[in-house]
Amino acid sequence: MLMDELHAEHEVIERVAGAFLTYAAIPSAQRRAGDGAAFLRFFRLYASHFHHAREEDTLFAALRDRAGLPADRGPVATMVSDHARMASLLDHVEAGLGTGADGDARLRESATAYVHALWHHIDAENSVLFPECEPRLRRNGVRELPSRPIASDERDALEGGRALADRYPPPAKPDVMRGDGCIMCPAFGVTCRGLELEWWNEWEWDEFEDRMNAG
Ligand SMILES: [Fe+2]
Ligand SMILES: [Fe+2]
């Protein structure tokens with residue numbers, strides 16, 4: 001089932017992202033150069049090309065085409081623009097990786113920006129988007145969504161990422177606030193008004209009001 005796969009993928013992506021912060025804090029003279037390239041491969045091929053792409057071409061497409069949810073605004077548009085923003089943050093990371101000692105601070109900054117964006121994104125999907133889309137798809141008769149097998153280069157990138165996560169244990173106390181729900185999403189109130197205003201239909205509001213009146 002696609003949703004279960006996507007959930008499981010978040011766990012490994014999250015762990016490798018934490019490991020990347022550890023790696024980026026090492027001065028360039030002591031960093032294993034090949035590991036930087038392996039991190040990039042993991043984020044590009046596994047996180048982006050395999051994971052984000054299946055969200056967009058299968059899950060978000062089903063929300064739009066089969067559950068009638070807007071894709072040009074609200075949570076789906078926010079997730080899609082996050083994907084694009086993370087791809088460009090990764091370009092900065094790549095530039096930082098190639099600059100030697102002069103680039104140490106630059107790599108740390110670009111890695112932190114990328115990893116924090118990724119973590120916020122995963123929190124939003126895990127706590128709001130995924131749980132909310134399942135019943136909405138089910139109501140529209142969608143019980144299963146197709147997935148696709150992982151390609152061999154994506155699998156290599158995944159294996160490389162797992163090895164990196166073992167080699168560079170993530171910081172014990174990440175210096176970023178993480179949490180569940182729309183309130184914790186950087187897009188809330190900026191480009192997205194939150195799940196209720198963006199996704200609820202008339203009867204969901206009616207039901208909510210009934211519940212409030214009954215209470
Ligand atoms: Fe995503
Ligand atoms: Fe995701």
Determine the pairs where a residue that is more than 14 Å from residue 103 (Cα to Cα), located within the stretch 29-40, has a partner that is part of a helix (DSSP H, G or I) and open to solvent by 20 Å² or more (accessible area, probe 1.4 Å) with Cβ atoms under 8 Å apart, the partner being 6 or more residues away or on another chain. 35/167; 37/97; 38/160; 38/163; 40/94; 40/97
Only one of (1) within 16 Å of ligand 1 (Cβ to nearest atom); (2) under 24 Å from residue 26 (Cα atoms); (3) surrounded by 15 or more Cβ atoms within 10 Å (Cβ to Cβ) does not apply to residue 88, and that is (3)
The correct count of residues that are small (Gly, Ala, Ser) and under 12 Å from the mean Cα position of the chain (by Cα) in the stretch 10-52 is 3
Of everything in the stretch 122-158, what is exposed (fewer than 12 other Cβ atoms within 10 Å of the Cβ) and acidic (Asp, Glu)? Give them in sequence order. 144
Looking only at residues that are farther than 19 Å from residue 10 by Cα and either within 15 Å of ligand 2 (Cβ to nearest atom) or open to solvent by less than 60 Å² (accessible area, probe 1.4 Å) (or both) in the stretch 53-67, which one is farthest from the chain's Cα centre (by Cα)? 67
Is it true that residue 72 is charged (D, E, K, R), over 14 Å from the mean Cα position of the chain (by Cα) and open to solvent by less than 50 Å² (accessible area, probe 1.4 Å)? no
What number goes with the only condition from (1) part of a helix (DSSP H, G or I); (2) open to solvent by 50 Å² or more (accessible area, probe 1.4 Å) that residue 113 does not pass? (2)
All positions within the stretch 9-46 that are small (Gly, Ala, Ser) and open to solvent by 40 Å² or more (accessible area, probe 1.4 Å): 25, 29, 33, 34, 37
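Taking the residues in the stretch 159-191 that are of a type in the set (Asp, Glu) and under 29 Å from residue 35 (Cβ atoms) as candidates, determine which candidate is least open to solvent (accessible area, probe 1.4 Å).
159
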Which one of the conditions (1) within 23 Å of residue 188 (Cα to Cα); (2) at pLDDT 95 or above; (3) hydroxyl-bearing (Ser, Thr, Tyr) does residue 58 fail to meet, given that it meets all the rest? (1)
Subset of the stretch 101-136 [more than 16 Å from ligand 2 (Cβ to nearest atom) and not charged (D, E, K, R)]: 101, 103, 105, 107, 110, 111, 112, 113, 135
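The values are calculated or read from the model by the stated rules, or taken from the named source; none is laboratory data. All figures in this text were calculated on a predicted structure; none of them were measured in a lab. Don't worry about glycine lacking a Cβ; one is built from the backbone with ideal geometry, like all the others, and counts go over all protein chains shown. What goes into the accessible areas is simple: the full protein's heavy atoms, side chains included, and nothing from ligands, DNA or RNA. Shrake-Rupley method; radii C 1.70, N 1.55, O 1.52, S 1.80 Å.
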